[in-house]
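As C-alpha cells, the structure follows; a few thoughts come after it.
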Amino acid sequence: MPQPRIRTLLACAALLSACARDTVDWPVYQGSDDKTHYTTLAQISPANVATLREAWRYDTKDAFPGSEMQSNAVVIDGVLYAMSPKQRAFALDAATGKERWSFDPTNGKFTGPRIRYRGGVVHDGRVYFNYRYRLFSLDAATGKPAAGWGSDSGWVDLRAGLDRPVAGLSVSASTPGTVYRDMLIIGTSVPEALPSAPGDIRAYDVKTGAIRWTFHTIPRPGEAGYETWPPEAWKVAGGANAWSGVTVDQQRGMVFFATGSASFDFYGANRVGDNLFANSIVALDAATGRLRWYFQGLKHDLWDRDFPAAPTLVTVQRNGKPVDAVAQITKTGHVWLLDRETGAELFPSEWKPMPRAELAGDVTADSQRFPTLPKPFARQALTEELLTDRTPEAHAAALKIFKENPTPHPFTPPNEKGIIIFPGVDGGGEYGGPAFDPKTGMLYVNSNEMGWILKIVPREERSLFGAYCAECHGSKSSPVGPTLTGVAKRLSREQITNAIRSGTGRMPAFATALGDSSIAELTEYLVSGKPPTRTPKSVPTFLKYRNTTFDIFLDHEGYPAIKPPWGTLNAIDLNSGETRWAIPFGEYPALAAKGMTQTGSDNYGGAIVTENGLLIIAATTYDNKIRAFDKSNGRLLWEALLPAAGNTTPSTYMVDGKQYIVIACGGGKNGAPSGGSYVAFALP
C-alpha cells in the first residue's frame, strides 16, 4: 500500500491531469436537479478571483426597450445553450462564444411585448424550450426541429390537455422543466387576472411530446383538496401554478414544485376557501404524478405572495444525523424546511390570527402559519419609523402615500382605500432561488426590500375596456402591464387583435370571453380612439372588483420609500436556523456618486456557491455588476461591470481545463435599461 506522501503525490497528479483534460458541464437549469447552485469546480478560488477577466462576449442583438433576458445558460460538452430577449434559441462554443446555430420560433417576426423565459432543457441530444404556448424540441447538434415531436409539427401546444377551450387560454412556461427518465416534467405561467388557465403540472414524453400524466393543482371532484374550493371552481378558476419551475430527486423518484396564488390575485369571492394547492409545496411520484404530500404555506392568498422559486433539495443535521429535506424561500422573507419524504416541518411553526376581508363576498383565512426558525430574511412590517429619511422631501412624499394607504397589519386585506404590501409582491426571495452548500448546511438568499401599493375599485361594467383591460392597462402604467397609450404605433391592427384573442403569457386570452365582434371594437378603440359601443357580456370569470393601483412604493424621485437596506444578501445556517451574516446588496449609481453607498437595491437572479469558498452573483438591477464574495463572511472579493443587469443566476463550467463563469445581461427590470449580451469570465 503506498505511503501517505506517495498517495498524496499520486492524488495531486491525478487532479492536475483531470483539470488539464476535463470538460465539466452546467447540465441543467440552475446547475443540478436539486437546484442548489453548488459547484466543486475550484480553478477560480478566493485567492485568485480578483484577477478574473472577460473571456468572451456574445451579443444577441435582440434587445429592445423594456425587454428582459433571464436565461440561465446550460453547458454540455463544451456547448452553451441559451435564449435571447426575443426567445431565439441558440448554441455557442462555450470557450469562445462563437455561435454554432440559432433557431427563431417567430421566423424573424417577433414584435413584442416583452416575455420572460429562463432557458431551456438539454437532454439526450435534444433542446426543449417554449415560445409562448409552443413547446419546441430541437436537435441539439443542428438547432433544427426534432423528428417526431408534436406529431412532426415541431412543437406541442401547452394549452392542450387542460379540458378547456384552447382559444380561451393563455399558457406559457417561463421556467424550464426537468427530465425524469423519459419524461419532461414542467409547470406553466398563466394569467394572474381572469380568465386564466389552471396551473396543472404535466409530464411529456421526451420523444413524442405526448402527455404521460397530469396533476391538477385546482382539484377536481374526488381529488385531495377539492373541498377547499367552491364546487364548480375547477371549471373556471385559474392559477395555482408552478411558474418558478420543478425540482426532481432522481434517486427517490420524486418531483417537487411550489405554486403561486390563484387568479385573480387580489380578490377571491369566486374562490372562497383555503384554495389548495395554491401557495403550496407539493411532492409527487415522478413516474405517475401521484400525490405524495403537500404543505400549504398561505391560505386564500390575496396579496400575490407566490412561492417565488422552485424547492431546493438539501441535507441538514438533526440530532447528529443527516436528514434529507426541502427548503423553500418565500416572498415574505421566510424559509420553510420540510422533511423530503413526508413534508413534516423540521422547525416549529406558529399560527397567527389574521384580519377579516373588507371587500364584499370575500372571506379571508382566520389564521396563517409562520416558521419560528429560520428568522425572516426580510423586514416584516411597514411602520412610519421605517419610512425613508434620505431627504426631508423624500420623507414627506413617502409619509403622504403611507397615510393614504393605511396598512395596520402585514396581511391587511385589499380594499378600496388602498394598502401597502410589505414585503411586496417582488419582496423577499425571488425567482433566482437560493444557493445551498451541502458541506456546511448554509443557505444563501438574496432578498428584496420593497413595498407595493395596491388599491381595489369596483370593476367598470359600462365599457369593454373598463371591464377587461383597465385592470392591467389603466391610465397609469404599472408592472402588471404597460400603458396602451400609443400602442398602435408599436403594433399593427392585426397584432393587437391577435394579442387580445390569444393572450401573451401573463395576459389572458379573451377569444372565448369576448367574441369576434367585441375584439374588433376593442382593437378599433386602441387604434383610433373610437369607444366600443358594446357592453360586456356576462361570463363566469367576471369579478366585481379590480385593482386600479399596483405600483412599487417609491418616493418623489423614484427611490424606495423605506429606509435602506433595499436589498440584502443573507447566509442562513439550516442546521441551527441561525442567520450567520447579512449585508446590503447592490447600489444606485446616482446615489453612490453623492456618497450614499451600501443602500442595497432590488435584485433578481440567484448565486453560485463554490466548495472552495466563493459566492458569485449578479442580480442587482441598477448598478449592473457581478460580484464574488467570501461565502464565510460576505466580504467582497471581486466585482465587474456588465453591459446591463444580470437578472439571472450565473453558470460555471470547464472546457479543456479552463473554468468559466457566464451571465446573461438582460436588464429591463423596473425601468432599468435593457440588454441582450452574454458575458463570460475566466482567469488570465
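Starting from the Cα of LYS631, draw a straight line to each of the lysines and keep only those under 17 Å, dropping any in the same chain fewer than 8 residues away. Filter leaves LYS439.
The phi-based Karplus calculation (6.51 cos²θ - 1.76 cosθ + 1.60; θ = phi - 60°) puts the 3J(HN,Hα) values of the range 217-226 at 7, 10, x, 9, x, x, 9, 4, x, 4 Hz, whole numbers, x for Gly and Pro.
For SER674, the residues whose modelled amide H falls within less than 5 Å of its own, excluding neighbours fewer than 5 places apart on the same chain, are GLY66, GLY668. Taking the Cβ of GLN317 as the center, what net charge do the other residues with Cβ under 14 Å away carry, scoring Lys and Arg +1 and Asp and Glu -1? That works out to -2. As a calculated quantity, the FRET efficiency between THR391 and ASP139 at R0 = 56 Å, using C-beta atoms, amounts to about 0.45. Of GLY424, PRO458, GLY441, which is farthest on the positive side of the dipole of the range 405-459, counting Cα position, with +1 on Lys and Arg Cβ, -1 on Asp and Glu Cβ, and the Cα centre as origin? The residue sitting farthest along the positive end of the dipole is PRO458. Taking the fewest neighbouring Cβ atoms within 10 Å as the starting point, the ordered list for LYS86, LYS321 is LYS321, LYS86. Positive contributions from Lys and Arg (+1) and negative ones from Asp and Glu (-1), summed over other residues with Cβ under 12 Å from the Cβ of GLN250, come out at -1. Taking a ≥ b ≥ c as the square roots of the eigenvalues of the Cα gyration tensor of the range 548-684, is the shape rounded (a/c under 1.5), prolate (a/b larger than b/c) or oblate? Oblate, since a/c reaches 1.5 and b/c is not below a/b.
Placing pseudo-labels 7 Å out from each Cα toward the beta carbon at LYS321 and THR597 gives an inter-label distance of 5.0 nm. Highest mean packing comes first when the peptides 411-424, 92-105 are listed by Cβ atoms within 10 Å, giving 411-424, 92-105.
Amide H to amide H, with H built 1.01 Å from N, ALA286 comes under 5 Å of MET254, VAL255, counting only residues 5 or more places away or on other chains. Amide H contacts of TYR653: TYR660, each under 5 Å away and 5 or more positions distant or on a separate chain (H built 1.01 Å from N in the peptide plane; Pro and chain starts excluded).
The alpha-carbon of LYS455 sits under 27 angstrom from the alpha-carbons of these lysines, leaving out residues fewer than 8 places away in its chain: LYS299, LYS331, LYS352, LYS400, LYS403, LYS417, LYS476, LYS537, LYS544, LYS563, LYS669.
Comparing PRO353, MET596, ALA91 along the charge dipole axis of the chain, the residue lying farthest to the positive side is ALA91, per the Cβ-charge model. Across the range 571-586, rounded Karplus estimates of 3J(HN,Hα) from the backbone phi angles (6.51 cos²θ - 1.76 cosθ + 1.60, θ = phi - 60°) give 10, 10, 7, 6, 6, 9, x, 8, 7, 7, 7, 8, 9, x, 10, x Hz, Gly and Pro being marked x.
For GLU54 and SER151, what is the calculated FRET efficiency with R₀ set at 56 Å and r taken between the beta-carbons, to the nearest 0.05? With a Förster radius of 56 Å, E is 0.80.
Positive end of the dipole of the range 176-372 (Cβ unit charges, origin at the Cα centre): among ILE211, GLY225, PHE307, the Cα lying farthest that way belongs to ILE211. A straight Cα-to-Cα reach below 18 Å connects LYS658 with the aspartates and glutamates ASP22, ASP25, GLU54, ASP77, ASP93, GLU611, residues fewer than 8 places away in its own chain not being considered. Quick check: from the Cα gyration tensor, does the range 176-372 come out rounded (a/c under 1.5), prolate or oblate? It is oblate, given that a/c is not under 1.5 and a/b is not larger than b/c. Taking the Kirkwood radius as Rh and the Cα radius of gyration as Rg, the chain has a ratio of Rg/Rh equal to 0.95. Rounded, prolate or oblate: which fits the range 63-220 when a ≥ b ≥ c are the square roots of the eigenvalues of the alpha-carbon gyration tensor, with rounded for a/c under 1.5 and prolate only if a/b beats b/c? Oblate shape, in that a/c is at least 1.5 and b/c is the bigger or equal ratio.
Computed packing ranks the peptides 274-281, 180-187, 583-590 as 274-281, 180-187, 583-590, most packed first, by mean other Cβ atoms within 10 Å. Note on the chain: helix-only mean residue ellipticity at 222 nm, from DSSP H runs of 4+ residues weighted -39500 (n - 2.57) and normalised by residue number, equals -3000 deg cm²/dmol.
Coupling constants for the range 442-452 follow from the phi torsions by the Karplus curve (6.51 cos²θ - 1.76 cosθ + 1.60, θ = phi - 60°), and in residue order they are 8, 10, 10, 10, 8, 10, 9, 10, 8, x, 10 Hz; glycine and proline get x.
The numbers here are math on the coordinates, done by the rules we state, and not lab data. Because the structure is a prediction, the values reported are computed rather than measured. Methodologically, a virtual Cβ is constructed for each residue, glycine included, from the backbone with ideal geometry; neighbour enumeration extends over all protein chains shown.
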